[in-house]
Amino acid sequence: MSPVLANVYLHYVLDLWFETEVIPQLNGFAQLVRYADDFVVCFENEKEARIFGVALRQRVSKFGLTISEEKSKIIEFGRCTCQRANKYGFKCETFDFLGFTHFCDKTRRGKFKLGRKTSHKKFIQKMKDMNLWLKRIRNRVELNEWWKLLGIKLLIHYQYYGMSGNVRLLRNFYHHNVRLAFKWINRRSQKKSYNWDQFHNFIQFNPLPKPKIYHSLYNLKT
């Protein structure tokens, strides 16, 4: 229920307020992107971004809410920032949103594009969760049954994180999980179940879903 309640509540606290009261007072472009209680606001003008930061805290406090300060920051980001970074030799900042790290990137032709990859924090957490799941299930369910469930878990991960430019971390996720599965299969008893060659043969006949891109962001037609 939490995301549903956040959507209903913040629609009035944040979305409508931003559209009807904030945007009309601005000189530059601005846009709010929100999912449940996570949101990013883009401003063309830095001064207006900082003024908004103060106004936002005042706004949410009226409704008994607070901004998570450790997760909130104002950064320079985008095409112009990327061009200055290339010219003066500094590194562009990044930000995390909905499990992805967003960063300034380039196309093959050298033009600016928004890059996305699985955030380091989310990747580590996913691996910890998978490790714990494999540890618990290995002796409760037959191998052929939990192997199917492992495949479903991998597919769910690919379908969410399978965005253009993120294939390397999808492959890392696959290979890390294969190694975890090998580890926990061999801890089902005191006797080792498989050596690596035997396990490789098992995977050949019982393949897990391989990583693929489900959301191609650079072939969208307008």
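Let's test the formula: R0 of 30 Å, r as the Cβ-Cβ distance of Phe63 and Ile23. What FRET efficiency results, to the nearest 0.05?
The computed FRET efficiency comes out at 0.90.
Under a 5 Å amide H to amide H cut-off, with H placed in plane at 1.01 Å, what residues pair with Lys113 once short-range neighbours are removed?
Amide H neighbours of Lys113: Asp105, Lys106, Thr107.
Quick one: compute the contact order of the range 87-176, relative version, from alpha carbon pairs under 8 angstrom and 6+ residues apart, as a percent.
For the range 87-176, the relative contact order is 24 percent.
Near Ser119, within a Cβ-to-Cβ distance under 11 Å, what is the net charge of the other residues, with Lys and Arg +1 and Asp and Glu -1? Spell out each step's value before the answer.
Details: positive: Arg116, Lys117, Lys121, Lys122, Lys126; negative: Asp96.
Cβ neighbours under 11 Å give a net charge of +4.
I need the shape label for the range 31-143. Rule: rounded when a/c is under 1.5, else prolate if a/b > b/c, else oblate, with a, b, c from the alpha carbon gyration tensor.
The shape class here is oblate.
What net charge is computed for the residues neighbouring Lys210, neighbours being all others with C-beta under 15 Å from the C-beta of Lys210, Lys and Arg scored +1, Asp and Glu -1?
Here the charged neighbours net out to +4.
Within the P(r) computed for the chain, what percentage of the Cα pairs occupies the region above 29 Å?
46 percent
When the chain is fully extended, how far beyond the present Cα-Cα distance does Arg187 get from Leu132, taking 0.36 nm per residue of separation?
Gain on stretching Arg187 to Leu132: 18.5 nm.
May I ask you to list the lysines whose Cα is less than 29 Å away from that of Lys148, ignoring any residue fewer than eight positions away on the same chain?
Straight-line reach from Lys148, under 29 Å: Lys117, Lys121, Lys122, Lys126, Lys128, Lys135, Lys183, Lys191, Lys192, Lys210, Lys212.
Rounded to the nearest 0.05, what FRET efficiency do Val167 and Tyr35 give with R0 = 25 Å and r taken as the Cβ-Cβ distance? Could you check?
Details: r = 24 Å, r/R0 = 0.94.
Approximately 0.60, to the nearest 0.05.
Just to confirm my numbers, what's the Cα centroid distance between the range 138-166 and the range 34-59 in Å?
37 Å
Take Lys122, project a point 7 Å from its Cα along the Cβ direction, then tell me which residues of the range 68-94 have their backbone nitrogen under 17 Å from it.
Inside the label zone: 71-72, 94.
Note down the nm distance, to one decimal, between modelled labels 7 Å out along Cα→Cβ at Glu46 and at Ser2.
3.5 nm
Non-local amide H neighbours of Phe100 (under 5 Å, H modeled in plane, Pro and chain starts lacking H): which ones?
Ser119
Against the longest alpha carbon principal axis of the chain, how many degrees, from 0 to 90 and to the nearest 10, is the axis of helix 143-161 turned?
The two axes meet at around 20 degrees.
Contour minus end-to-end for Lys148 and Ser216, with contour as 0.36 nm per residue of separation and end-to-end as the Cα-Cα distance? Walk me through the intermediate numbers first.
Values: separation 68, 0.36 × 68 = 24.48 nm, distance 2.69 nm.
Roughly 21.8 nm would be gained on extension.
Quick one: order His157, His215 from most to least accessible surface, probe 1.4 Å.
His215, His157
Can you tell me the length gained on complete extension of the stretch Phe90 to Asp105, counting 0.36 nm per residue apart and subtracting the Cα distance?
Extra length from Phe90 to Asp105 when fully extended: 4.0 nm.
The values are calculated or read from the model by the stated rules, or taken from the named source; none is laboratory data. Because the structure is a prediction, the values reported are computed rather than measured. Positions of Cβ are backbone-derived with ideal geometry, glycine not excepted, and every protein chain shown enters the neighbour counts. Each accessible area value is taken on the protein alone, full model and side chains, heavy atoms only, with ligands, DNA and RNA left out. Shrake-Rupley method; radii C 1.70, N 1.55, O 1.52, S 1.80 Å.
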